[in-house]
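*Asks:* Below is a structure I'd like to ask you about.
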Amino acid sequence: MKNIKKDEFIPKTSHINIFKRAKIINKIRSFFLKNNVLEVDTPIMSSFTVTDVNITPFKTLFLNKKKKKLWLITSPEYHMKRLISYGLGSIYQICHSFRNGELGKYHNPEFTILEWYETNCDIFKLMNKINVLLNNLKKYKKVVFISYERIFMNYLKINPLTCSKKDLIKKIQDVSKDNSLSFKNKNKDSLLEYLFIIGLYPILKKIELIFIYHFPASQASLSKINSLNNKISERFEIFSYGLEIANGFDELVDFKEQKKRFKKNNKTREKNGMKKVKIDKNFINSLKKGLPQCSGVAIGIERLIMSILKIKNINEIINFPLDIC
């Protein structure tokens, strides 16, 4: 009989972390129950997937009389917005989502996500509600709220909204102290993301909890553009000691604009040698029917628990990560 290695079947998590994880998720559900936010359930498989060039989804086949291509969801967002357009009001969901090719100390291809939408709520009201939720799970000594523009100005002395590519390249070289870096075929957003990583992450690692809002309009994704300043979007991200734990928006409700962005993503995919993705007509039709003004957030449950328990590797909080699943 073949010898079985201990780590081939035993969960990676400790008993105490399994119980702590369950307790944190119970507290999250209690928070929503107390605040009359409805828990919903949506499919793990979908006929459509995202057009996002930075996300690679898993695909599968339903074998019936006809083979039907299906996708594992990268988040429950589209289905949840369809429920909101149906008139359900504020809702949340805790479920598994899947992203191909993502593996590391902060990534597992199958992970748990908390998706939450509040109707009649802008990003500032939602950020405050999230702050209350997070402080129910752990008492944070200091919470910082700062705009994307201001954090660059304060710590890197550059305005990310008005600077040129040339200014960005010079700043990256100053921060990295490496003049051999290649910036060929890099657009402004790619340069901003790189500068964010090398210039701001060292700062973020010292901050217990920080909300960064009003990302550039070019990084809007599924969020609205600010009505007073078309250079910024109604989007925010949350970090704890440098670990990104959440991404949120004042949700785009204009179906024409959303379709336009999906088409633009597909053009970028073609330019990068990737296959075009069929646009989710059910999601677009739900926006066409009418999505009430709402703000939403996606919180990575494992990352949130890692930050609360001061865990350095996601495998310590997932019972059966990829290598032993």
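*Asks:* I need the shape label for segment 208-267. Rule: rounded when a/c is under 1.5, else prolate if a/b > b/c, else oblate, with a, b, c from the alpha carbon gyration tensor.
*Replies:* On the way: a/c = 2.59, a/b = 1.83, b/c = 1.42.
It is prolate, given that a/c is not under 1.5 and a/b is the larger ratio.
*Asks:* Using the Cα centre as the reference, give the magnitude of the dipole from point charges on the C-beta atoms of the chain (Lys, Arg: +1; Asp, Glu: -1; all else neutral), rounded to the nearest 20 debye.
*Replies:* Dipole magnitude for the chain comes out near 760 debye.
*Asks:* Given contacts defined as C-alpha pairs under 8 Å and at least six residues apart, what's the relative contact order of the chain, whole-number percent? Can you show the working numbers first?
*Replies:* Working: 534 pairs, mean separation 76.0, N = 325.
About 23 percent, as a whole number.
*Asks:* Sticking with this structure for a sec: Taking a probe of 1.4 Å, how large is the accessible area per residue of segment 17-141, in Å²? Before the final figure, lay out each step's value.
*Replies:* Numbers: 6850 Å² over 125 residues.
Using a 1.4 Å probe on heavy atoms only, each residue of segment 17-141 averages 55 Å².
*Asks:* Identify, among Phe211, Leu252, Leu72, the residue whose Cα sits farthest towards the positive end of the charge dipole of the chain, taking +1 on the Cβ of Lys and Arg and -1 on the Cβ of Asp and Glu, with the dipole about the Cα centre.
*Replies:* Final value for the positive-end residue is Leu72.
*Asks:* Shifting gears a bit: Taking every Cα atom in segment 56-96, find the radius of gyration and the maximum pairwise distance Dmax, and write them in Å.
*Replies:* Cα only, segment 56-96: 13.7, 39 Å (Rg, Dmax).
*Asks:* Could you point to the residue in Asn100, Pro292, Asn120 farthest towards the positive end of the chain's charge dipole, with +1 and -1 charges on the Cβ of Lys/Arg and Asp/Glu respectively?
*Replies:* Asn100
*Asks:* Using a cut-off of under 13 Å, list every residue of segment 41-55 whose amide N is near the label point 7 Å from the Cα of Asn187 along the Cα-to-beta-carbon line.
*Replies:* Hits in segment 41-55 for Asn187 at 13 Å: 52-54.
*Asks:* Shifting gears a bit: Sort largest first and round to whole Å: the equivalent ellipsoid semi-axes of segment 86-225, each the square root of five times a Cα gyration tensor eigenvalue. Walk me through the numbers on the way to the answer.
*Replies:* Numbers: eigenvalues 190, 72, 60 Å².
For segment 86-225, the ellipsoid semi-axes come out as 31, 19, 17 Å.
*Asks:* Excluding residues fewer than 8 places away in the same chain, name every one of the aspartates and glutamates whose C-alpha is closer than 20 Å to that of Lys67.
*Replies:* Partners found: Asp280.
*Asks:* Is it possible to state the helix-based mean residue ellipticity at 222 nm for the chain, with each DSSP H run of 4+ residues giving -39500 (n - 2.57), the sum divided by total residues, to the nearest 500 deg cm²/dmol? What is it?
*Replies:* Dividing the helical sum by the residues of the chain leaves -10500 deg cm²/dmol.
*Asks:* Under 20 Å from a label point 7 Å along Cα→Cβ of Arg261: give me every residue in segment 52-87 with its amide N that close.
*Replies:* In segment 52-87, the label zone of Arg261 (backbone N under 20 Å from the point 7 Å along Cα→Cβ) covers 52-57, 73-86.
*Asks:* Counting only protein heavy atoms and a 1.4 Å probe, tell me what percentage of the chain's accessible area is made up of carbon and sulfur. Don't jump to the answer; show the numbers that get you there.
*Replies:* Values: 9490 of 18100 Å².
So the carbon and sulfur contribution to the accessible surface is 52 percent.
*Asks:* Could I ask something else about it? With Cβ to Cβ distances under 9 Å as the rule, what net charge do the other residues near Lys276 carry (K, R +1; D, E -1)?
*Replies:* Details: positive: Lys267, Arg269, Lys275, Lys278; negative: Glu270.
Once positives and negatives cancel, what remains is +3.
*Asks:* For a 20 Å ceiling on Cα separation, which of these pairs sit above it: Lys81/Lys224; Lys34/Lys129; Lys125/Lys224; Lys81/Lys275?
*Replies:* On the way: Lys81/Lys224 15 Å; Lys34/Lys129 13 Å; Lys125/Lys224 16 Å; Lys81/Lys275 26 Å.
In this structure, Lys81/Lys275 exceed 20 Å between Cα atoms.
*Asks:* Follow-up. Please enumerate, by chain and number, the lysines with C-alpha under 19 Å from the C-alpha of Lys188, excluding those fewer than 8 residues away in the same chain.
*Replies:* Within the straight-line limit of under 19 Å, Lys188 reaches these lysines: Lys157, Lys165, Lys166, Lys170, Lys171, Lys231, Lys264, Lys267, Lys271.
*Asks:* Would you report the distance distribution of C-alpha pairs in the chain as whole percents per 20 angstrom bin, up to the bin with the largest distance?
*Replies:* Binned Cα distances yield the sequence 28, 60, 12, 0.
*Asks:* Still on this model: For segment 66-149, go through all pairs of different Cα atoms, get the mean of 1/r, take its inverse, and jot down that Kirkwood value in Å. Walk me through the numbers before you get to the answer.
*Replies:* Details: mean 1/r = 0.0635 Å⁻¹.
One decimal place: 15.8 Å for the Kirkwood radius.
*Asks:* Rounded if a/c is under 1.5, else prolate if a/b is larger than b/c, else oblate: which is segment 140-293, with a ≥ b ≥ c the root eigenvalues of its Cα gyration tensor? List each step's numbers first, then the result.
*Replies:* Values: a/c = 2.13, a/b = 1.35, b/c = 1.58.
Oblate, because a/c is 1.5 or more while a/b does not exceed b/c.
*Asks:* State the extension gain, in nm to one decimal, for the chain segment bounded by Asn128 and Asn319, taking 0.36 nm per residue of separation less the distance between their alpha-carbons. Walk me through the intermediate numbers first.
*Replies:* Values: separation 191, 0.36 × 191 = 68.76 nm, distance 3.19 nm.
Computed gain between Asn128 and Asn319 is 65.6 nm.
*Asks:* Once whole DSSP H runs in the chain are found, which of them have Cα atoms spread over 20 Å or more along the helix axis and a mean Kyte-Doolittle score of at least 1.6?
*Replies:* Details: long enough: 15-34 (29 Å, 0.04); 123-137 (21 Å, 0.75); 255-271 (24 Å, -2.88).
Taking the DSSP H segments of the chain (at least 20 Å long, mean hydropathy at least 1.6), we get none.
The values are calculated or read from the model by the stated rules, or taken from the named source; none is laboratory data. Predicted model only: the values in this text are computed from it and were never measured. With ideal geometry, Cβ positions are generated from the backbone for all residues, glycine too; neighbour counts draw on all protein chains shown. Just so you know, the surface numbers come from the protein's heavy atoms only, side chains and all, with ligands and any DNA or RNA stripped out. Shrake-Rupley method; radii C 1.70, N 1.55, O 1.52, S 1.80 Å.
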